[in-house]
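The block underneath contains the structure these notes are about, expressed in structure tokens.
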């Protein structure tokens, strides 16, 4: 009797919970704008901590590798030595990142200054060519000159428009400028807070992991908690490997362009190689943005070489997109090359650059979980080693027949020799 009453109470609780969720869903659908505003405000409040978490995750990738390969002795397992190796690995990582950024700036800025200087020098000559072309056009087509003479310009109307703009719209421009400056300071403050928060995360990550496990085990059943922890570890590994693979692929692509442009004696080889390497951190699309920048820069010097560069880009992009990128990034996250391309395409279509950056590791996690699910199901059905399950029975049978023919022919040849 007691068990029946308890089961009824449990059912009532479930019904009440489902009803409450349905009511909340109905209310949310009717107040989407308000929920969107609340969500935007909440994200704005926690944005420094999101930035800090992202910085900590990126820093943790090289720091973990440094601690794993350099501090391997048992003496580094005490609390004091753990803190020491954490400090050393953090300083090495920070110095390395600053060095890479500094080298990039030192390469890009002088080249940009040289390019801008060349463009400024060519402007007077280009203006003279335009004037000569316009004069020749007017001489060959007098009707164009007559049409231009017939055009009257309302200088009074233009002056009034300028005065109205300065008196009314200038206030909006000033307020917009003030908003931009305040947004810049707000962004700097968020980055500074996030950076400090990332330091706390990196130096207390073991403690934070233990606390997170306690919370998961306290809120969920043991089996579900173990699943959540296992998936979290898989996500962490996938995203960390994706970052390292993406950086390696960007370096390879930048070197490919630098070497190819040097061989063909194209201008701005180092600048364009660095730009493409930096932009290649954005999967697939970043290299095309670098190509556009390269075409513009080279076209200012030699349009024919700009066309050759574009054709070279198409060749190298095919090699990189179909061979290097799927293998380097796909192998790093454990995702086949075909699915890497699918993840980039789908992620870019749905969420733009953010989707491109996140969908590859996300898909690798789902791929690993689905592969594990399928293998477990096959083991449960005792079908994981059956050749006919994978469509290999015909191949195996033909191989056996071919082997039998070879053995038979060998026997005949031996009999003739005897």
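Taken together, the values in this text are just the output of simple stated rules run on the coordinates, not laboratory data. Because the structure is a prediction, the values reported are computed rather than measured. Counting neighbours? That spans all protein chains shown, and the Cβs are built from the backbone with ideal geometry, glycine included.
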What is the gain in length, in nm to one decimal, between residue 15 and residue 299 on full extension, counting 0.36 nm per residue of separation less the C-alpha to C-alpha distance? 95.3 nm
What nm distance separates the two modelled labels at residue 122 and residue 38, each placed 7 Å from Cα along Cα→Cβ? 5.8
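Give the order of 320, 206, 67 when sorted by the count of other beta carbons within 10 angstrom, beginning with the fewest.
With the fewest neighbours first, 320, 206, 67 line up as 206, 67, 320.
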Per 0.36 nm of contour for each residue apart, how much would the distance between residue 184 and residue 50 grow if the chain were fully extended, relative to their Cα-Cα spacing? 46.5 nm
Can you tell me how region 1-109 classifies by the Cα gyration tensor, rounded, prolate or oblate, using a/c under 1.5 as the rounded cut? oblate
Here the averaged projected area of region 94-141, based on the convex hull of its alpha-carbon atoms and given in nm², is 4.2
Using only Cα atoms, locate the centre of region 42-97 and the centre of region 307-323, then give the distance between them in Å, rounded to an integer. 37
For the pair residue 200 and residue 255, the simple spin-label estimate (label points 7 Å beyond Cα toward Cβ) gives in nm 4.1
Work out, step by step, the length gained on full extension between residue 229 and residue 23: first 0.36 nm times the residue separation, then minus their alpha carbon distance; give nm to one decimal. 71.0 nm
Put in order of increasing Cβ neighbours within 10 Å, starting from the fewest, 27, 339 give 27, 339
